[in-house]
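Visitor: Questions regarding the structure given below will be posed in turn.
The values are calculated or read from the model by the stated rules, or taken from the named source; none is laboratory data. All values reported here derive from a predicted model rather than from experimental measurement. FYI the Cβ positions are ideal-geometry reconstructions off the backbone, even for glycines, and counts take in every protein chain you see.
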Amino acid sequence: MTRSATAIAHPNIALAKYWGKRAGDGNIPAVPSLSVTLAGMSTTTTVSFDDTLVDDELELNGAHAESSRPKVRASQLLDRVRAAAHTTTRARIVSVNDFPTASGLASSASGFAALALAAVRAAGLDWSAEQVADLARRSSASAARSVFGGFVELDGGDAPDGTPSLGGARPVAGPTAIDLRVLVCVTTEDAKATSSTDGMRLTQQTSPYYPAWVADAPASQRAIREALLAGDFVRLGELSERSALAMHACAMAAGIVYMTGATLSVLEHVRALRSAGLPAFATVDAGPHLKCLVRSGDAAAARESLERVPGVLRIIDTSPGEGARIVAAGAGGAT
Ligand code: PMV
(Lines give C-alpha, C1' and ligand atoms only; values in the text may rest on other atoms or scores of the structure.)
Protein backbone atom coordinates (compact mmCIF):
# COMPACT_ATOMS: atom_id res chain seq x y z
CA MET A 1 0.00 0.00 0.00
CA THR A 2 1.38 3.44 -0.88
CA ARG A 3 0.10 6.88 0.01
CA SER A 4 1.67 9.72 -1.88
CA ALA A 5 1.43 13.47 -2.31
CA THR A 6 3.21 15.95 -4.55
CA ALA A 7 3.85 19.55 -3.48
CA ILE A 8 5.34 22.56 -5.25
CA ALA A 9 7.14 25.31 -3.33
CA HIS A 10 9.09 28.37 -4.37
CA PRO A 11 12.28 29.73 -2.83
CA ASN A 12 12.05 32.94 -0.88
CA ILE A 13 14.51 35.75 -0.57
CA ALA A 14 14.89 37.57 2.70
CA LEU A 15 14.64 41.36 2.54
CA ALA A 16 15.34 41.44 6.31
CA LYS A 17 17.93 38.69 6.73
CA TYR A 18 18.05 35.91 9.29
CA TRP A 19 21.59 34.99 10.35
CA GLY A 20 22.34 33.14 13.61
CA LYS A 21 20.35 30.72 15.73
CA ARG A 22 18.94 31.03 19.23
CA ALA A 23 20.45 28.59 21.75
CA GLY A 24 18.34 25.48 22.40
CA ASP A 25 16.23 23.16 20.28
CA GLY A 26 13.84 23.84 17.43
CA ASN A 27 16.22 25.63 15.03
CA ILE A 28 14.82 29.02 16.02
CA PRO A 29 16.47 32.11 14.47
CA ALA A 30 18.30 34.60 16.69
CA VAL A 31 16.67 37.48 14.79
CA PRO A 32 13.32 38.11 13.08
CA SER A 33 13.32 38.15 9.27
CA LEU A 34 11.00 39.14 6.42
CA SER A 35 11.03 37.59 2.96
CA VAL A 36 9.28 37.48 -0.36
CA THR A 37 8.31 34.13 -1.89
CA LEU A 38 9.39 34.02 -5.53
CA ALA A 39 7.42 32.65 -8.46
CA GLY A 40 9.70 31.75 -11.36
CA MET A 41 11.78 29.13 -9.54
CA SER A 42 10.27 25.96 -8.05
CA THR A 43 10.90 22.72 -6.27
CA THR A 44 8.50 19.85 -6.97
CA THR A 45 8.59 17.02 -4.42
CA THR A 46 6.68 13.75 -4.24
CA VAL A 47 6.61 11.75 -1.01
CA SER A 48 5.32 8.16 -1.17
CA PHE A 49 4.97 6.18 2.05
CA ASP A 50 5.42 2.57 0.94
CA ASP A 51 5.07 -0.52 3.18
CA THR A 52 7.58 -2.44 1.06
CA LEU A 53 10.51 -0.06 1.72
CA VAL A 54 13.12 -0.94 4.36
CA ASP A 55 14.66 2.56 4.41
CA ASP A 56 13.77 6.05 3.20
CA GLU A 57 14.95 6.82 -0.33
CA LEU A 58 15.81 10.22 -1.77
CA GLU A 59 16.16 11.07 -5.42
CA LEU A 60 17.33 14.67 -5.83
CA ASN A 61 17.42 16.14 -9.33
CA GLY A 62 17.49 12.66 -10.88
CA ALA A 63 20.34 11.28 -8.70
CA HIS A 64 19.98 8.87 -5.79
CA ALA A 65 21.28 10.48 -2.60
CA GLU A 66 22.23 7.42 -0.50
CA SER A 67 23.52 8.14 3.05
CA SER A 68 24.26 11.75 2.07
CA ARG A 69 23.59 14.80 4.24
CA PRO A 70 20.43 15.75 2.27
CA LYS A 71 19.09 12.22 2.80
CA VAL A 72 19.78 12.34 6.57
CA ARG A 73 18.05 15.73 6.86
CA ALA A 74 15.06 14.52 4.82
CA SER A 75 14.74 11.39 6.99
CA GLN A 76 14.81 13.53 10.15
CA LEU A 77 11.83 15.50 8.83
CA LEU A 78 10.02 12.27 7.90
CA ASP A 79 10.69 10.89 11.41
CA ARG A 80 8.78 13.85 12.90
CA VAL A 81 5.89 13.23 10.51
CA ARG A 82 5.91 9.48 11.29
CA ALA A 83 5.84 10.20 15.03
CA ALA A 84 2.82 12.50 14.60
CA ALA A 85 1.03 10.01 12.32
CA HIS A 86 1.88 6.98 14.54
CA THR A 87 3.50 5.04 11.71
CA THR A 88 6.91 3.55 10.98
CA THR A 89 6.43 3.23 7.22
CA ARG A 90 9.42 4.40 5.15
CA ALA A 91 9.04 6.78 2.24
CA ARG A 92 10.43 7.47 -1.20
CA ILE A 93 11.14 11.14 -1.93
CA VAL A 94 11.59 12.41 -5.47
CA SER A 95 12.52 16.08 -5.63
CA VAL A 96 13.41 18.30 -8.58
CA ASN A 97 14.59 21.92 -8.60
CA ASP A 98 14.37 23.98 -11.78
CA PHE A 99 17.28 26.19 -10.58
CA PRO A 100 20.82 25.57 -9.10
CA THR A 101 20.79 23.55 -5.85
CA ALA A 102 22.65 24.55 -2.64
CA SER A 103 24.30 27.67 -4.04
CA GLY A 104 22.59 30.50 -2.17
CA LEU A 105 19.42 30.43 -4.26
CA ALA A 106 17.44 29.19 -1.26
CA SER A 107 16.95 25.66 -2.59
CA SER A 108 16.81 24.44 1.01
CA ALA A 109 13.87 26.81 1.63
CA SER A 110 11.74 25.58 -1.26
CA GLY A 111 13.03 22.02 -0.80
CA PHE A 112 12.05 21.64 2.84
CA ALA A 113 8.77 23.56 2.38
CA ALA A 114 7.74 21.20 -0.44
CA LEU A 115 8.98 18.14 1.48
CA ALA A 116 7.15 19.13 4.68
CA LEU A 117 3.85 19.77 2.92
CA ALA A 118 4.03 16.63 0.75
CA ALA A 119 5.03 14.43 3.72
CA VAL A 120 2.26 15.78 5.99
CA ARG A 121 -0.35 15.25 3.29
CA ALA A 122 0.94 11.80 2.27
CA ALA A 123 0.84 10.75 5.95
CA GLY A 124 -2.81 11.79 6.12
CA LEU A 125 -2.25 14.52 8.74
CA ASP A 126 -4.70 17.42 8.71
CA TRP A 127 -2.29 20.19 9.65
CA SER A 128 -2.57 23.97 9.33
CA ALA A 129 -0.03 25.94 7.26
CA GLU A 130 1.46 27.19 10.56
CA GLN A 131 2.07 23.60 11.67
CA VAL A 132 3.65 22.73 8.31
CA ALA A 133 5.85 25.85 8.61
CA ASP A 134 6.91 24.79 12.11
CA LEU A 135 7.94 21.37 10.75
CA ALA A 136 9.83 22.92 7.82
CA ARG A 137 11.63 25.39 10.13
CA ARG A 138 13.18 22.58 12.15
CA SER A 139 15.03 21.45 9.00
CA SER A 140 15.81 24.88 7.50
CA ALA A 141 14.54 28.02 9.21
CA SER A 142 14.05 29.93 5.97
CA ALA A 143 11.88 27.04 4.67
CA ALA A 144 9.14 28.07 7.11
CA ARG A 145 8.71 31.27 5.06
CA SER A 146 8.27 29.39 1.73
CA VAL A 147 5.16 27.67 3.11
CA PHE A 148 3.38 31.01 2.62
CA GLY A 149 3.07 33.22 -0.45
CA GLY A 150 3.76 36.92 -0.84
CA PHE A 151 5.65 38.67 1.96
CA VAL A 152 6.28 36.55 5.04
CA GLU A 153 7.84 37.13 8.44
CA LEU A 154 9.60 34.62 10.66
CA ASP A 155 9.98 35.32 14.38
CA GLY A 156 13.35 35.10 16.07
CA GLY A 157 15.13 36.06 19.27
CA ASP A 158 13.00 37.36 22.12
CA ALA A 159 9.74 39.33 21.91
CA PRO A 160 9.95 42.96 23.18
CA ASP A 161 8.60 41.76 26.58
CA GLY A 162 11.44 39.19 26.80
CA THR A 163 9.37 36.10 25.92
CA PRO A 164 11.53 33.72 23.83
CA SER A 165 10.35 33.35 20.24
CA LEU A 166 8.78 30.09 19.07
CA GLY A 167 9.99 30.71 15.53
CA GLY A 168 6.52 31.20 14.07
CA ALA A 169 6.09 32.20 10.42
CA ARG A 170 3.16 34.16 9.02
CA PRO A 171 2.19 36.09 5.90
CA VAL A 172 2.45 39.89 6.23
CA ALA A 173 1.12 40.96 2.83
CA GLY A 174 -0.01 39.31 -0.40
CA PRO A 175 2.09 39.05 -3.58
CA THR A 176 0.62 42.26 -5.04
CA ALA A 177 1.28 44.42 -1.94
CA ILE A 178 4.08 46.30 -3.72
CA ASP A 179 5.33 46.47 -7.31
CA LEU A 180 8.49 44.33 -7.16
CA ARG A 181 10.59 42.21 -9.49
CA VAL A 182 13.62 40.26 -8.30
CA LEU A 183 16.29 39.69 -10.95
CA VAL A 184 18.43 36.78 -9.80
CA CYS A 185 21.91 37.22 -11.29
CA VAL A 186 23.31 33.68 -11.44
CA THR A 187 27.12 33.72 -11.16
CA THR A 188 27.84 29.98 -10.84
CA GLU A 189 26.01 26.68 -11.24
CA ASP A 190 28.15 25.09 -8.47
CA ALA A 191 27.17 24.32 -4.86
CA LYS A 192 28.53 26.71 -2.20
CA ALA A 193 31.54 25.77 -0.06
CA THR A 194 30.14 26.67 3.39
CA SER A 195 26.56 25.76 4.33
CA SER A 196 24.49 28.47 5.96
CA THR A 197 24.34 26.41 9.17
CA ASP A 198 28.15 26.21 9.37
CA GLY A 199 28.50 29.86 8.35
CA MET A 200 26.10 30.93 11.10
CA ARG A 201 27.83 28.81 13.72
CA LEU A 202 31.25 30.27 12.90
CA THR A 203 29.81 33.78 12.85
CA GLN A 204 28.19 33.31 16.26
CA GLN A 205 31.39 31.85 17.69
CA THR A 206 33.95 34.24 16.28
CA SER A 207 32.56 37.40 14.66
CA PRO A 208 33.20 40.46 16.86
CA TYR A 209 30.20 42.08 15.15
CA TYR A 210 27.66 39.34 15.95
CA PRO A 211 26.24 41.07 19.08
CA ALA A 212 25.78 44.28 17.07
CA TRP A 213 23.99 42.36 14.29
CA VAL A 214 21.59 40.73 16.77
CA ALA A 215 20.93 44.08 18.47
CA ASP A 216 20.23 45.91 15.20
CA ALA A 217 18.21 43.27 13.28
CA PRO A 218 14.79 43.59 15.01
CA ALA A 219 14.53 47.35 14.33
CA SER A 220 15.73 46.78 10.78
CA GLN A 221 13.06 44.10 10.25
CA ARG A 222 10.34 46.39 11.65
CA ALA A 223 11.42 49.25 9.36
CA ILE A 224 11.34 46.89 6.36
CA ARG A 225 7.82 45.75 7.26
CA GLU A 226 6.71 49.41 7.59
CA ALA A 227 8.21 50.34 4.20
CA LEU A 228 6.47 47.34 2.62
CA LEU A 229 3.08 48.11 4.14
CA ALA A 230 3.45 51.80 3.17
CA GLY A 231 4.17 50.71 -0.44
CA ASP A 232 7.47 52.64 -0.32
CA PHE A 233 9.63 50.73 -2.83
CA VAL A 234 12.72 52.94 -2.54
CA ARG A 235 12.82 52.73 1.25
CA LEU A 236 12.20 48.97 1.08
CA GLY A 237 15.10 48.61 -1.35
CA GLU A 238 17.49 50.77 0.68
CA LEU A 239 16.72 48.94 3.91
CA SER A 240 16.94 45.50 2.25
CA GLU A 241 20.37 46.27 0.78
CA ARG A 242 21.51 47.50 4.17
CA SER A 243 20.28 44.32 5.92
CA ALA A 244 22.17 42.12 3.43
CA LEU A 245 25.39 44.10 3.74
CA ALA A 246 25.17 44.07 7.55
CA MET A 247 24.75 40.28 7.49
CA HIS A 248 27.71 39.81 5.16
CA ALA A 249 29.91 42.25 7.12
CA CYS A 250 29.16 40.28 10.29
CA ALA A 251 29.94 36.94 8.59
CA MET A 252 33.06 38.28 6.86
CA ALA A 253 34.53 39.26 10.21
CA ALA A 254 34.37 35.53 11.04
CA GLY A 255 36.18 34.68 7.80
CA ILE A 256 33.02 33.62 5.95
CA VAL A 257 32.98 35.20 2.49
CA TYR A 258 30.08 34.18 0.23
CA MET A 259 30.53 37.02 -2.26
CA THR A 260 32.90 36.55 -5.18
CA GLY A 261 34.42 39.05 -7.60
CA ALA A 262 31.36 38.58 -9.81
CA THR A 263 29.01 39.39 -6.90
CA LEU A 264 30.90 42.62 -6.22
CA SER A 265 30.90 43.55 -9.93
CA VAL A 266 27.12 43.19 -10.00
CA LEU A 267 26.77 45.15 -6.75
CA GLU A 268 28.82 47.99 -8.23
CA HIS A 269 26.64 47.87 -11.34
CA VAL A 270 23.40 48.01 -9.35
CA ARG A 271 24.70 51.09 -7.54
CA ALA A 272 25.73 52.67 -10.85
CA LEU A 273 22.20 52.10 -12.18
CA ARG A 274 20.87 53.86 -9.08
CA SER A 275 23.21 56.82 -9.55
CA ALA A 276 21.97 57.03 -13.14
CA GLY A 277 18.38 57.35 -11.89
CA LEU A 278 17.09 53.74 -12.08
CA PRO A 279 15.93 52.65 -8.60
CA ALA A 280 17.65 49.25 -8.25
CA PHE A 281 18.78 47.63 -4.99
CA ALA A 282 20.82 44.57 -4.13
CA THR A 283 20.51 41.67 -1.76
CA VAL A 284 22.80 38.62 -1.41
CA ASP A 285 22.32 35.41 0.60
CA ALA A 286 24.75 32.68 1.65
CA GLY A 287 26.11 32.30 -1.87
CA PRO A 288 27.57 34.36 -4.71
CA HIS A 289 24.39 35.30 -6.60
CA LEU A 290 23.14 38.85 -6.32
CA LYS A 291 19.41 39.50 -6.42
CA CYS A 292 18.47 42.89 -7.83
CA LEU A 293 15.23 44.49 -6.62
CA VAL A 294 13.46 46.72 -9.15
CA ARG A 295 9.96 47.91 -10.01
CA SER A 296 8.37 45.98 -12.89
CA GLY A 297 8.56 49.00 -15.22
CA ASP A 298 12.37 49.05 -14.79
CA ALA A 299 12.89 45.27 -15.02
CA ALA A 300 13.63 45.06 -18.76
CA ALA A 301 16.19 47.91 -18.72
CA ALA A 302 17.86 46.61 -15.55
CA ARG A 303 17.99 43.08 -16.93
CA GLU A 304 19.52 44.13 -20.23
CA SER A 305 22.18 46.10 -18.41
CA LEU A 306 22.96 43.42 -15.76
CA GLU A 307 23.30 40.71 -18.41
CA ARG A 308 26.39 42.50 -19.71
CA VAL A 309 28.25 42.46 -16.35
CA PRO A 310 31.23 40.07 -16.60
CA GLY A 311 30.59 36.98 -14.44
CA VAL A 312 26.80 37.02 -14.80
CA LEU A 313 25.91 33.68 -16.45
CA ARG A 314 22.18 34.29 -16.73
CA ILE A 315 19.34 36.12 -15.08
CA ILE A 316 16.20 34.56 -13.61
CA ASP A 317 13.35 37.06 -13.64
CA THR A 318 11.07 36.47 -10.66
CA SER A 319 8.18 38.21 -8.92
CA PRO A 320 6.26 37.66 -5.69
CA GLY A 321 4.43 34.34 -5.86
CA GLU A 322 2.30 31.76 -4.08
CA GLY A 323 3.07 29.62 -1.07
CA ALA A 324 3.62 25.86 -1.06
CA ARG A 325 0.69 23.83 -2.38
CA ILE A 326 -0.34 20.25 -3.09
CA VAL A 327 -0.63 19.43 -6.78
CA ALA A 328 -1.40 15.68 -6.56
CA ALA A 329 -2.29 13.20 -3.84
CA GLY A 330 -3.64 9.69 -3.66
CA ALA A 331 -3.43 6.17 -2.33
CA GLY A 332 -2.30 3.21 -4.40
CA GLY A 333 -2.54 -0.56 -4.02
CA ALA A 334 0.25 -2.96 -3.13
CA THR A 335 3.44 -2.33 -5.10
O1 PMV B 1 17.47 28.65 6.64
P2 PMV B 1 18.83 28.54 6.06
O3 PMV B 1 19.70 27.64 6.85
O4 PMV B 1 18.79 28.18 4.59
O5 PMV B 1 19.54 30.00 6.15
C6 PMV B 1 19.13 31.12 5.42
C7 PMV B 1 20.07 32.24 5.57
C8 PMV B 1 19.95 33.38 4.57
O9 PMV B 1 19.43 32.91 3.33
C10 PMV B 1 21.34 33.94 4.29
C11 PMV B 1 19.10 34.53 5.10
C12 PMV B 1 17.62 34.32 5.10
O13 PMV B 1 16.97 34.90 5.98
O14 PMV B 1 17.10 33.60 4.22
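For (1) closer than 30 Å to Ile316 by Cα; (2) in contact with a strand residue (DSSP E or B) (Cβ under 8 Å, 6 or more places away or on another chain); (3) assigned by TED's automatic domain parsing to the domain that holds Glu226; (4) among the small types (Gly, Ala, Ser), each residue gets a yes or a no:
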site	(1), (2), (3), (4)
Gly20	yes, yes, no, yes
Ala23	no, no, no, yes
Gly26	no, no, no, yes
Gly40	yes, yes, no, yes
Leu53	no, yes, no, no
Arg82	no, no, no, no
Ala85	no, no, no, yes
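Visitor: Counting residues that are within 14 Å of the ligand (Cβ to nearest atom) and at pLDDT 95 or above, which strands (runs of 3 or more DSSP E) fully inside region 51-154 reach at least 1?
Guide: Because the criterion is at least 1 residues that are within 14 Å of the ligand (Cβ to nearest atom) and at pLDDT 95 or above, the strands (runs of 3 or more DSSP E) in region 51-154 that meet it are 151-154.
Visitor: Under 7 Å by Cβ, and 6 or more places apart or on different chains, what pairs join a residue from region 237-248 that is within 10 Å of Ala16 (Cα to Cα) with one that is of a type in the set (Lys, Arg)?
Guide: Close Cβ pairs (under 7 Å, with a partner that is of a type in the set (Lys, Arg)) amount to Ser243/Lys17; Ala244/Lys17; Met247/Lys17.
Visitor: Turning to a different aspect of this structure: Of the residues that sit in region 121-135 and are without any contact (Cβ under 8 Å) to a residue 40 or more places away in the chain and within 16 Å of Gly111 (Cα to Cα), which one is surrounded by the fewest Cβ atoms within 10 Å (Cβ to Cβ)?
Guide: Asp134
Visitor: Within region 184-196, does at least one residue satisfy the condition of being more than 13 Å from the ligand (Cβ to nearest atom), surrounded by fewer than 21 Cβ atoms within 10 Å (Cβ to Cβ) and within 18 Å of Asn27 (Cα to Cα)?
Guide: So far as region 184-196 goes, no, none of its residues is more than 13 Å from the ligand (Cβ to nearest atom), surrounded by fewer than 21 Cβ atoms within 10 Å (Cβ to Cβ) and within 18 Å of Asn27 (Cα to Cα).
Visitor: Could you list, in sequence order, all residues of region 186-206 that are hydrophobic (A, V, I, L, M, F, W, C) and modelled with pLDDT of 95 or more?
Guide: Met200, Leu202
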